[in-house]
Structure formats: structure tokens, C-alpha cells
Amino acid sequence: MALRLCAVFKSIGKNSQSYYALFLVIQVLTSHTEAKTVNGVFNTFTAQAEHGQYITSFAFHGNALFNFTVNSTGTGSKLYLFLSEDWKKAVGDTNCYRRLNKAITIIKINSTTGLQTISHYDYPRIWHIVFADFFTCEPGRPKPPKEEPSFIQYTLQIFNPDSLGNPTEHFSDQETGLLKFYQLLALIYFVVACVVAPQLWDTLSKGGPMQLVIQLLTISMTLQAVAAFIVIVHLYRYSKDGIGSPLIEILSEFLDMLSQFTMLFMLLSVSLGWSLASAHSVCRYSHLRTISKKTSARVVFILGIMQSLLFMWEQNQDESRRLYHAQRSYPGIALVVLRILLAGMFAIKLKEVIASERSSLKRKFYSSFTKLCMMWFLCYPSIFLSTLMFSEYLQYKIITMGVLICQSVAGVLLYRLFLSRSLFWEVSALSSSLPLCFDHRINLKLYS
């Protein structure tokens, strides 16, 4: 995106029509580079800066169809289609001509509209689409007034065949099935909420030492459920027009990030003993001040902030705006490594808590909590590593479905653990708050 903006502002210096350049900036910022109805502007200067302007990617299968509409043809304008394995080689090639020569299919833009069928393979293949014109590999050109750069408004429509073989399917093979999965997940969320809600409301209304941690878990699960509902709206619209709603998609990512951060905060509070304080303590929230002074809490807080920053960096690096695509960028891989580090830190801290705890019931509680904590943290890294043995077009679907299922199961099991131990923690906290004295006549401990 930064290269595209730089190229556009460069064009402002070369053209006196500032209003036209402003229009180009707006087009670049609002272009949908992953939607399968793709809108934007082919830009000579962007193509020069990137050795070919990257447009989008799509996993084709069967007799797929590629349709383009432009407002002008430019000078030597072409669309280059690379297979994924060829594109990975091309990205590392600094020679512009060699890079473009790795394309399998070249579509010349000789008219304002065009149709192109995509080569059929035995299994789905990911294709990358790149724009280049006559000046892309010619630095220092175009030279006005004889040569003019290309600023071509375009609309690309990309279709896969449906169940009847007609090219009407907007979904790439990387996204097929996700809409039905999210619909099923939302239905499960609704059913589980109806079953758990009465007991959850009863527990929260009574208060107790488990109240705060259950509230945090409820907030996290609610945010994740709302994000899933929002994704359904986006994918449904996407299935109709191939665009969906980028704003809704960004909102779902933001809610998912808040859910992750809330869950991280809840796990931190339990592992460090906060929120399991006395049920009758008026200043229960003041424990946050004490916890914040601990070195481990500060380290986890810093790692949590880093996780959020890496997530946003990952989304900025990859314009597809997908929640789980660590295999596509270095920030995504760093995010996976960070989750492993967080899991290790929580495991060490909880091991110390278990070793210092004298109550067998509390040790059992923390042992179960540790397992669920590790399940929640390590599901993304473990599923990511397991998908490396699958074809590239399947990896995103497997990661998305696997992580959401794993984290949802971990959340439900945490509910079960907290609700089943709520009464015990309340009695334990109440008894620990009562002062003790000895009756020396009968050698018994009495509560005063």
C-alpha cells in the first residue's frame, strides 16, 4: 500500500491536474484487492515501483472465468497470471523482465472489455494477477509530452464454476465452505448460550471470587461470537457480489483482537491469583495494582501489546485481511512464535502456583486450568504447523476452522471449570477471611 501511495504522489508531481491525482489516491485507498469483484486503478508508477502492480490472488478450479472491464487500454498494458510456486520465485527476482517472464498466462488489454478462461488443472491452484505496461521495466520513462503514463480504472470479475459447472461462484477455493462453517458455528454459539445462560446468570448474580474471571471469559466469548456473526454478513454479501463489506470485515477483525486480549487478561489474572480473592473484599479490584508490580505480569502485558501490534502489522502486510494467515508473512510467523512464548510463561507460572498450593482441590483446579490455558494458546501454532503438510489452497480454511473450534471448545471447558469450582472458591475464600483462635482446653481451632 505504501508503494502505491508513493507512486501516486509521484504522479502528482508530474501532472498539474491535482484533482485527478486526488481521485487516484482515493481509488488506491478504497480498492478491494482480495474481493473477487476487484476495483481499482492500474498505475504506471506503481507498476514501476513494484516491478509489476500486484492486483489480487485467486484459487481456480475447473473451467474458471476471468473478466475485465477498463476505461482505457493504456500503452502496452497487460495482465500477468502466475502460479503460486512461480510467483514465489518471481518475488525474489530483482530483474523486472525475468520476473514477468515467469508468468504462465499473459492477457493483453487491447479493448475495454475482455474474457479469459483459466487453464484447468487436476486440483485447485492459486494464481496471482499482476499488471504491467510498456514502461514497467523502463526506469525514467514515460517522458512527457510524447509519452503518457497509464491511469486505468478497472473492474475485474473472477469466477469459479458452481456445482452445475457454470462460472458463477465468487469464492476462491481458499474460501469455499467458510460461509457454511460460520453459520454452523453461530448456531452452536446460540445453542450453548441458551443452555449455559441460566446457570451463568445465577452464578454472576450471587457474586463471589469467581465473578470477575467469569465476567472476563463471558466478554471474550461474546466478542468472538459477535465477530463470527459479522463475518457471516460479510461472506453472505461476498457470495452475491464478490465484494462483501470491507468495513464489516475490519470490524470483525477488531472484535476478534479485543477477544484475544480479554482472554489473555483473564488468564493472567487467574494465573497470578487476582480475581480469586476474598468474595467479601470491597477492594477486590485494587488487587490489579498489586499484580501490576510483579515482573511476570509486566512481561506478559508487554507481550500482549506486542501480540496486538504484530496482528495489526500482519493485516497491513497482507491486503487479504484474513485473521489467520501466518504462512503468508513474517509478522504472522512472529505472532505464532509469540503465542508459544506466552504459553511457556503461563505454564511456568502455573507450575509454581501448583507447587506452592497446599489444597489438593486447588491443585487439581490449577492443573485443569493449565491444560485449558495451553490448549487456548497453542491451538493456533500447532494447527498452523500441521497445515504445512496440506496443499496451499487448503491451509487457510484448515487454520481458520481449526483455531475457532479449538478456542471455542477451550472457552466452554473453562466455563465448566469455573462454574463447577465457584462454590468451593467461595467457601474457601470465606473461611480464610475468618480470624482463628485456639481453645487450649479442648485443643480445637475455633472461628470467632
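The values are calculated or read from the model by the stated rules, or taken from the named source; none is laboratory data. Quick caveat, the model's predicted, so the values are computed rather than measured. Glycine gets a Cβ as well: all are built from the backbone with ideal geometry, and neighbour counts include every protein chain shown. What goes into the accessible areas is simple: the full protein's heavy atoms, side chains included, and nothing from ligands, DNA or RNA. Shrake-Rupley method; radii C 1.70, N 1.55, O 1.52, S 1.80 Å.
See the values below:
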| item | result |
| --- | --- |
| Close pairs from the stretch 240-261: first within 25 Å of Leu156 (Cβ to Cβ), partner of a type in the set (Gly, Ala, Ser) and buried (at least 17 other Cβ atoms within 10 Å of the Cβ), Cβ under 6 Å, at least 6 apart | Gly242/Ala35; Ile243/Ala35; Ser252/Ala227 |
| Matching residues, the stretch 76-89, being loosely packed, with under 15 Cβ neighbours inside 10 Å and part of a loop (DSSP other than H, G, I, E, B) | Gly76 |
| Thr370 farther than 23 Å from Leu216 by Cα, polar (S, T, N, Q) and in contact (Cβ under 8 Å) with a residue 24 or more places away in the chain | no |
| Residues within the stretch 139-175 that are surrounded by 12 or more Cβ atoms within 10 Å (Cβ to Cβ) and touching a residue at least 12 places away in the same chain (Cβ under 8 Å), tallied | 23 |
| The listed residue being open to solvent by 80 Å² or more (accessible area, probe 1.4 Å) and touching a residue at least 24 places away in the same chain (Cβ under 8 Å), out of Tyr182, Tyr236 | Tyr236 |
| The stretch 67-83 residues that are more than 17 Å from Ile104 (Cα to Cα), paired with ones that are open to solvent by 40 Å² or more (accessible area, probe 1.4 Å) and of a type in the set (A, V, I, L, M) (beta carbon under 6 Å, 6 or more apart) | Asn67/Leu115 |
| Selection within the stretch 363-374 - surrounded by fewer than 18 Cβ atoms within 10 Å (Cβ to Cβ) and of a type outside the set (Gly, Ala, Ser) | Arg363, Lys364, Lys371, Met374 |
| Condition met for Pro144 (more than 29 Å from His51 (Cβ to Cβ) and at pLDDT below 85) | no |
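Here's the yes/no breakdown for (1) at positive phi; (2) under 33 Å from the mean Cα position of the chain (by Cα); (3) modelled with pLDDT of 90 or more:
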{"position": "Arg99", "(1), (2), (3)": "no, yes, yes"}
{"position": "Arg125", "(1), (2), (3)": "no, yes, no"}
{"position": "His128", "(1), (2), (3)": "no, yes, yes"}
{"position": "Gly165", "(1), (2), (3)": "yes, yes, no"}
{"position": "His170", "(1), (2), (3)": "no, yes, no"}
